[in-house]
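What follows is one structure encoded as structure tokens, with my remarks underneath.
The values are calculated or read from the model by the stated rules, or taken from the named source; none is laboratory data. No experiment lies behind these values; they were computed from the predicted model shown. In this analysis, Cβ positions are derived from the backbone assuming ideal geometry, glycine residues included, and neighbour counts consider all displayed protein chains. Only protein heavy atoms, including side chains, enter the accessible area calculation; ligands, DNA and RNA are left aside. Shrake-Rupley method; radii C 1.70, N 1.55, O 1.52, S 1.80 Å.
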Amino acid sequence: MFKDTKAFASFSVNDSEKAKAFYGKTLGLDVRELPGMDGLLQLRLAGGGKVMIYPKTDHAPASFTVLNFPVDDVDKAVDGLKGMGVRFESYAQEEIKTDAKGISRDEGMAIAWFKDPAGNILSVLSGKATEQEEELESVGAAGA
């Protein structure tokens, strides 16, 4: 039914201007304000993906990762973002442990979590998870 629709993800923030600055200036993404939509933002991601960010007065940050950024080198991405004032989450749970830099290194994967100004959780990751995603994309393309 929805095979040919151009689906998109969305999440809320409590301040569209702070979100626009963070996603545009700090993360370097293409952020567009949607005209006449009162604070509605659109992220245009590599590969054609789009994410809608909408203002919500009673916003509550997501308790899960809303956006993942695959990178070649998590250490380098973490260092670069820290240099721009981004703080990384620290976890010492049984299932998730991060090192002094805020990076979890487990089973061939490296991932580090950080929050946007509204408290939504984002990540940079590399390794097994991104390789599997690329594999799924190639299988999907072959089956199309």
Item to check | Enumeration of residues in the stretch 27-43 that are modelled with pLDDT of 95 or more and exposed (fewer than 12 other Cβ atoms within 10 Å of the Cβ) | outcome: Gly28
Next on the checklist: Which pairs turn up if I take residues in the stretch 63-77 that are under 19 Å from Asp99 (Cα atoms) and among the aliphatic types (A, V, I, L, M) and look for partners that are open to solvent by 90 Å² or more (accessible area, probe 1.4 Å) and modelled with pLDDT under 95 with beta carbon separation below 9 Å, at least 6 apart in sequence or on another chain?
Outcome noted: Val74/Arg105
Item to check | Of the criteria (1) free of Cβ contacts under 8 Å to residues at least 40 places away in the same chain; (2) open to solvent by less than 50 Å² (accessible area, probe 1.4 Å), which one Ala46 fails | outcome: (2)
Checklist entry - Which one of these does Pro117 not meet: (1) assigned to a strand (DSSP E or B); (2) touching a Lys or Arg at 6+ places or on another chain (Cβ under 8 Å); (3) not acidic (Asp, Glu)? => result (1)
Item to check | Answer residue from the stretch 105-120, given it is open to solvent by less than 20 Å² (accessible area, probe 1.4 Å) and touching a Phe, Trp or Tyr at 6+ places or on another chain (Cβ under 8 Å) and is nearest to Lys25 (Cα to Cα) among those | outcome: Asp116
Next on the checklist: Filter the stretch 1-35 down to the residues that are free of Cβ contacts under 8 Å to residues at least 60 places away in the same chain, among the polar types (S, T, N, Q) and not in a strand (DSSP E or B) and list them by number.
Outcome noted: Thr5, Ser16
Next on the checklist: Suppose we filter the stretch 43-69 for residues that are under 17 Å from the mean Cα position of the chain (by Cα), within 15 Å of Asp116 (Cα to Cα) and not in a loop (DSSP other than H, G, I, E, B); how many remain?
Outcome noted: 10
